[in-house]
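Colleague: Could you have a look at this structure, given as structure tokens, before my questions?
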Amino acid sequence: HDEECSRWWAAFTSVRSLLRPQPRPMVENGVYENGATDAEDPLPRPEEIEIETVDLYRHDEEQAYVTLMSQEVKSLNFAAEENYTVRLCKELVAYHYPDELPLGSFELLASNKIRSDEETLGEVFNGDEYYCDRPDEAEDPDFDWKPRKEQVFSDKMLMQLSIWKKEWDEETKSYEPVDLSYMPYGKELTKQWKKLGYLDGKNMLRDEGELIAEGKITDPDKIADYRKREGLTSTLRETHLIRKKDAWEAAGEIENKDDVDEALAWLQRHKEKDYNAALKLQGRRAEGEEVEVEEEEPEPDDPDVEVYVCEPPPLRGM
């Protein structure tokens, strides 16, 4: 029994060692595969770096400290040098968490950006400005807004890299690239539509007609439904003088996509102001006047005047 346990433990430790980052292989005479020598590439190995697994804020005038933060595992805090690379930080994570975070299963982020393996901590923490939400100037026009700035390594203040775990794709049997873009339709649906090519560069749905023309939408029922909405929109626009965007919205909301009466009833109920404006245009056209549908909302006469739409007061007794 002891012999069997020993064999099992030897096999386990052998596999575990394969998951740990391996030292950079040397060819001969102290020269690495990339041509660097120990003098030129004095980076420590992951096992040589002392770490603490408690979230700390350290300001040491003599020594800089970096924290690798994660929601998956305990954070790693360690003394760092300016020439430490992002790759070394990844190796450090994989060395201490080979099962949870093997190499290739995560990225390191700073300043809202994925950092490349070749970057050094001195290049990452260089004081550059980076994106953050700008406040609405209408709320506080006197607010002196300034974008956030990354820490400067030489200041030896709080420096953090976020460990961002990749998701596993069952179809491709590989890790998906980290996607930091806006997810307007929820994470799963946005990812699904993005793979299908339905979204533009800002992750917003592209025009349905374009997707059909490109062959990205092939379902016959969906295509037939789109053609009906196109025809109904044209009828509402040309015959009933409904703005195109209102007509298209009505065509998408009603049950029978080619029913003009149902669309007009929907517009009268949900777009009363625009519906009444169209009726007036129809009356003027019937009297022989040449009319034009204004597709865009008219601009206010004075551009400096802000127009606020107020809700009606509640009914008395409510």
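Colleague: Going by average Cβ neighbours within 10 Å, how do the peptides 106-116, 253-263 rank, with the highest at the top?
Modeller: Per-residue mean Cβ counts within 10 Å order the peptides as 106-116, 253-263.
Colleague: When ranked by the protection proxy of mean other Cβ atoms within 10 Å per residue, highest first, what sequence do the peptides 201-209, 92-100 form?
Modeller: Sorting 201-209, 92-100 by mean packing, highest first, produces 92-100, 201-209.
Colleague: Once you have a ≥ b ≥ c as the square roots of the Cα gyration tensor eigenvalues for the stretch 163-226, tell me rounded if a/c is under 1.5, and otherwise prolate or oblate according to whether a/b is larger than b/c.
Modeller: prolate
Colleague: Let me ask another. Which entries of LYS74/LYS195; LYS194/LYS228; LYS74/LYS149; LYS195/LYS257; LYS187/LYS271 have Cα-Cα distances beyond 30 Å here?
Modeller: Over 30 Å Cα-Cα: LYS74/LYS195; LYS187/LYS271.
Colleague: With the cut-off at 1.5 for a/c, could you classify the stretch 53-131 from its C-alpha gyration tensor as rounded, prolate or oblate?
Modeller: It is oblate, given that a/c is not under 1.5 and a/b is not larger than b/c.
Quick note: the coordinates plus some simple rules give every number you see, no bench work behind them. Keep in mind that what you see is a predicted model, and the values were worked out from it rather than measured. For neighbour counting, all protein chains shown are included, and Cβ atoms are generated from backbone atoms with ideal geometry for every residue, glycine included.
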